[in-house]
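Novice: The structure's right below; bear with me while I get my questions together.
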Amino acid sequence: MNIPILQPNHHWRCDGCGFEDVTHEARPHSRFHPCPAMGGLAVPMVRGGIKARVTAVEREDYVGDETVQTGAGGRPVMAVITEYEDGSNDTTVYAPLAEAKAE
């Protein structure tokens with residue numbers, strides 16, 4: 001007897017630019033993509049059929065010589081918040097890049 005191997009399809013949509021994708025991972029996972037509407041930031045995609053709003057949060061403190069992520073317009077971004085219609089939310093945080101110097 002042959003047993004078929006089921007391959008799950010997870011449909012994803014980007015709220016910012018409308019990009020859509022399908023993944024086939026059986027384990028729980030999320031999907032990110034470099035969104036042109038958010039200045040190329042790697043933003044989370046939302047499962048198909050779920051309504052959500054993705055918003056970039058600009059960094060409000062002094063940047064100095066840190067290497068930070070920038071969004072549309074070249075402004076430093078510290079996080080992206082995904083707000084779902086049921087009131088829950090997810091936050092993606094962009095920490096500054098760590099640098100080391102050796103002599």
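The values are calculated or read from the model by the stated rules, or taken from the named source; none is laboratory data. In this text, all values refer to a predicted model and were calculated from it rather than measured experimentally. Glycine also receives a Cβ, built like all others from the backbone with ideal geometry; neighbour counts cover every protein chain displayed.
Novice: Every residue in segment 84-103 that is within 23 Å of D61 (Cβ to Cβ) and either surrounded by 12 or more Cβ atoms within 10 Å (Cβ to Cβ) or among the hydroxyl-bearing types (S, T, Y) (or both), please.
Specialist: N89, D90, T91, T92, Y94, P96
Novice: Any residue at all in segment 84-99 that's among the aliphatic types (A, V, I, L, M) and either at pLDDT 85 or above or touching a helix residue (DSSP H, G or I) at 6+ places or on another chain (Cβ under 8 Å) (or both)?
Specialist: yes
Novice: Please give the number of the condition P34 fails out of (1) touching a residue at least 12 places away in the same chain (Cβ under 8 Å); (2) closer than 30 Å to A100 by Cβ.
Specialist: (1) is the only condition that P34 fails.
Novice: Looking only at strands (runs of 3 or more DSSP E) that lie completely in segment 1-92, which have at least 1 residues being of a type in the set (D, E) and under 16 Å from the mean Cα position of the chain (by Cα)?
Specialist: Result: 20-23, 52-58, 77-84.
Novice: In this structure, is A37 farther than 17 Å from S88 by Cα, out of contact with any Lys or Arg (no Cβ under 9 Å at 6 or more places or on another chain) and surrounded by 13 or more Cβ atoms within 10 Å (Cβ to Cβ)?
Specialist: It is true that A37 is farther than 17 Å from S88 by Cα, out of contact with any Lys or Arg (no Cβ under 9 Å at 6 or more places or on another chain) and surrounded by 13 or more Cβ atoms within 10 Å (Cβ to Cβ).
Novice: While we're looking at this one, here's another question. Hey, any hits in segment 52-75 for a residue that's exposed (fewer than 13 other Cβ atoms within 10 Å of the Cβ), modelled with pLDDT under 85, closer than 20 Å to G16 by Cβ and not charged (D, E, K, R)?
Specialist: Yes; the residues of segment 52-75 include at least one that is exposed (fewer than 13 other Cβ atoms within 10 Å of the Cβ), modelled with pLDDT under 85, closer than 20 Å to G16 by Cβ and not charged (D, E, K, R).
Novice: Next question, about the same structure. Return the pair list, or none, for Cβ contacts closer than 7 Å from residues in segment 61-86 that are more than 30 Å from G49 (Cα to Cα) to residues that are part of a strand (DSSP E or B) and not aromatic (F, W, Y), at least 6 apart or on different chains.
Specialist: Once the first residue is more than 30 Å from G49 (Cα to Cα) and sits in segment 61-86, its partners that are part of a strand (DSSP E or B) and not aromatic (F, W, Y) give V63/P76; T67/L97; V68/P76; R75/E58; P76/E58; P76/T70.
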